[in-house]
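Quick notes on the structure that follows.
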């Protein structure tokens, strides 16, 4: 899970919209700002490009256990989703930044909740969080192709698929594999409990299953 989290973070800040001119290359974080001002790109909300960042923040909170440094890192990562200064000062009331502002605050609160219940978090709930964190970053992976034509029209040239897109895809794939592994382990637990109960009923001399 740690490797998947790093892949999501690295992918978010690595190039997504690849261009031969370095100054025109854009990461997912830059796309989350740029699509607000790109004609035709409004078909896909710019906030969706922040989903890998917010997912990584929640995953860090899950990995933190009871380490306060981990919670602090989770909050730091989540806070990168806030609108830039000076828009931050009025984001709560501004239509273009309100959703981004409140979702980021919600992620910070959710990270605190995951940290507080770190060792008592029920397996189904933990699995649900993992699944959400795996599926959410997949949205901008698809959405990039929705805004790509608008970016190409703006640049008047071809835009490719950068390393950041592939890193995010790798992170999503790794998380989905982790979810599948955890789900199989969770399903195996009732069978193990039944076998143990049968042994206890038969007595200590009974053959072990």
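No value in this document is a laboratory result; all are computed from the given coordinates. Here the structure is a predicted model, which means the values were calculated and not measured. Positions of Cβ are backbone-derived with ideal geometry, glycine not excepted, and every protein chain shown enters the neighbour counts.
Against the definition (surrounded by fewer than 17 Cβ atoms within 10 Å (Cβ to Cβ) and more than 23 Å from residue 42 (Cα to Cα)), how does residue 111 come out, yes or no?
no
Among the candidates 35, 21, single out the residue that is out of contact with any strand residue (DSSP E or B) (no Cβ under 9 Å at 6 or more places or on another chain) and surrounded by fewer than 24 Cβ atoms within 10 Å (Cβ to Cβ).
After ruling out the rest, the residue left standing is 21.
Considering only residues that are outside any helix (DSSP H, G or I), in contact with a helix residue (DSSP H, G or I) (Cβ under 7 Å, 6 or more places away or on another chain) and surrounded by fewer than 19 Cβ atoms within 10 Å (Cβ to Cβ), which ones fall in the stretch 38-56? First the steps, then the outcome.
Of the stretch 38-56, the ones outside any helix (DSSP H, G or I) are 38-40, 44-45.
After this cut, where a residue has to be in contact with a helix residue (DSSP H, G or I) (Cβ under 7 Å, 6 or more places away or on another chain) as well, the list is 38-40, 44.
Correct list: 38, 39, 40.
Can you name the number of the only condition in (1) outside any helix (DSSP H, G or I); (2) touching a residue at least 60 places away in the same chain (Cβ under 8 Å) that residue 12 fails?
With respect to (1) outside any helix (DSSP H, G or I); (2) touching a residue at least 60 places away in the same chain (Cβ under 8 Å), residue 12 is out only on (1).
Going by the conditions given, is residue 180 free of Cβ contacts under 8 Å to residues at least 24 places away in the same chain and over 27 Å from residue 82 (Cα atoms)? So that I can check it myself, show each step before the final result.
On the way: free of Cβ contacts under 8 Å to residues at least 24 places away in the same chain: yes; over 27 Å from residue 82 (Cα atoms): yes.
Yes; evaluated as a whole, the condition is true for this residue.
What's the total number of residues in the stretch 15-37 that are closer than 18 Å to residue 103 by Cβ and assigned to a helix (DSSP H, G or I)?
Initial filter on the stretch 15-37 (closer than 18 Å to residue 103 by Cβ): 28-29, 31-33, 35-36.
Pick out the ones that are also assigned to a helix (DSSP H, G or I) and you get 28-29, 31-33.
Adding up the residues that qualify gives 5.
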